[in-house]
Amino acid sequence: MSDLRRVLCVEDDPDIRMIIEFSLATVGGLEVCLCAGGQLALKQAPVFLPDLVLLDVMMPGLNGPETLAALRLLPCMQGVPIVFMTAKAMPDEVEELLQYGATGVIVKPFDPMTLPQNIRIYWEHGRDICADL
Amino acid sequence: MTSAQTSDLTEGLPPAAVAQFQILRQRFVAGLPARWQEIELADTHLALQSALHRLAGSAGSYGFESLGHLARCAELLAQTDASTESSELIQALQRLGKEIETLQPAV
């Protein structure tokens, strides 16, 4: 059975990118590709072939939902779980994000020590959804 | 955040990872004056909200919960208030500025 190994992270704030890298690579032992925006993520995804995407919602240029929609058009991204990161975590806002086709939503600020476990849960959940299709 | 709280956050991590986290925290704190300047110089309501939003979303992940909370409070006030001159917002920004000042020599 394959495991969660590669995570593509799309986030415009450099401080959050740094703490994500620490969390996923150093704490979680995952391979991480950091992108500062949606356009870069679209270029990196076919090369990096992520097992999961962690995607900021509010970004200049392509925002999170727009990036998600564009990623979903790539053949390599079919069935790959995409998890939003957002500071807006009211239930209706989370529900709206899930309706874009995200597997889950991580609330910012996140705990860098538990983020790897949390995204692994979403990865397993997303994979189960794909298996059911 | 005290060093005891930092140890709680990194409990169980190997020493090299704890050291890396400390370096990241120091970088974050060193970048706070630039973030504060961005907040102070924001010339539109949207720019102010955006700067506060990014600070609110990042501070807590570095263990600065109080800073993140103050930024979130100011962001919410900036969202609901059409004017950047509102006294509540100004007070919230002053509290945020003081917290940033306090953190400067602390790490």
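Rule-based calculations on the coordinates, nothing more; no lab input. Since we're looking at a predicted model, the values are computed, not measured. All Cβ positions, glycine included, derive from the backbone under ideal geometry; neighbour counts span all protein chains shown.
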Next on the checklist: Under the rule of at least 5 residues apart or a separate chain, name every residue whose amide H is placed under 5 Å from the amide H of A:Leu49.
Outcome noted: none
Checklist entry - Do the sum for chain B: with -39,500 (n - 2.57) for every DSSP H run of n ≥ 4, divided by all residues, what is the mean residue ellipticity at 222 nm, to the nearest 500 deg cm²/dmol? => result -24000 deg cm²/dmol
Next on the checklist: Suppose every Lys and Arg Cβ carries +1 and every Asp and Glu Cβ carries -1, with no other charges. What dipole size does region B:14-103 come out with about its Cα centre, to the nearest 20 debye?
Outcome noted: 440
Next on the checklist: Place a point 7 Å from the Cα of B:Thr44 along the Cα-to-Cβ direction; which residues of region A:56-77 have their backbone N under 18 Å from it?
Outcome noted: A:58-64
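D for region B:50-100, whole µm²/s, Stokes-Einstein with Kirkwood Rh over alpha-carbon pairs at 25 °C and 0.890 mPa s: what number? Each step should come with its number before you reach the end.
Values: Rh = 10.7 Å.
Translational D for this selection: 230 µm²/s.
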Checklist outcome for this item: Between the residues B:Ala56, A:Gly126, A:Cys33, the Cα farthest towards the positive end of the dipole of the protein assembly as shown, that dipole coming from +1 and -1 charges on the beta-carbon of Lys, Arg, Asp and Glu, is from A:Cys33
Checklist entry - Taking the alpha-carbon centroid of each part, what is the distance from region A:49-79 to region B:42-72 in angstrom? => result 24
Checklist entry - If you place +1 on the Cβ of every Lys and Arg and -1 on the Cβ of every Asp and Glu, how big does the dipole about the Cα centre of the protein assembly as shown come out, in debye to the nearest 20? => result 600
Item to check | Kirkwood Rh in Å, taken over all unlike Cα pairs in the protein assembly as shown | outcome: 18.7
Checklist outcome for this item: chain A: spread of alpha-carbon positions along the three principal axes, whole Å, largest first, is 36, 31, 30
Item to check | Cα-based reach from B:Lys98 at 30 Å (exclusive), listing lysines while leaving out same-chain residues under 8 positions away | outcome: A:Lys88, A:Lys108
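Percentage of Cα-Cα pair distances in chain B greater than 23 Å, rounded to whole percent?
Within chain B, distances greater than 23 Å cover 30 percent of Cα pairs.
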Checklist outcome for this item: Here region A:65-72 yields Karplus 3J(HN,Hα) values (6.51, -1.76, 1.60; θ = phi - 60°; whole Hz; Gly and Pro given as x) of x, 5, 5, 4, 4, 5, 4, 5
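Show that you can apply the helix-only estimate: for chain A, add -39,500 (n - 2.57) for every DSSP H stretch of four or more residues, divide by all residues, and state [θ] at 222 nm to the nearest 500. Intermediate results must be reported in sequence, preceding the final value.
Values: 5 runs with 55 residues, N = 133.
One gets -12500 deg cm²/dmol as the mean residue ellipticity at 222 nm.
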Next on the checklist: Please give me the summed charge of the neighbours of A:Gln117: other residues whose Cβ is under 12 Å from its Cβ, Lys and Arg +1, Asp and Glu -1.
Outcome noted: -1
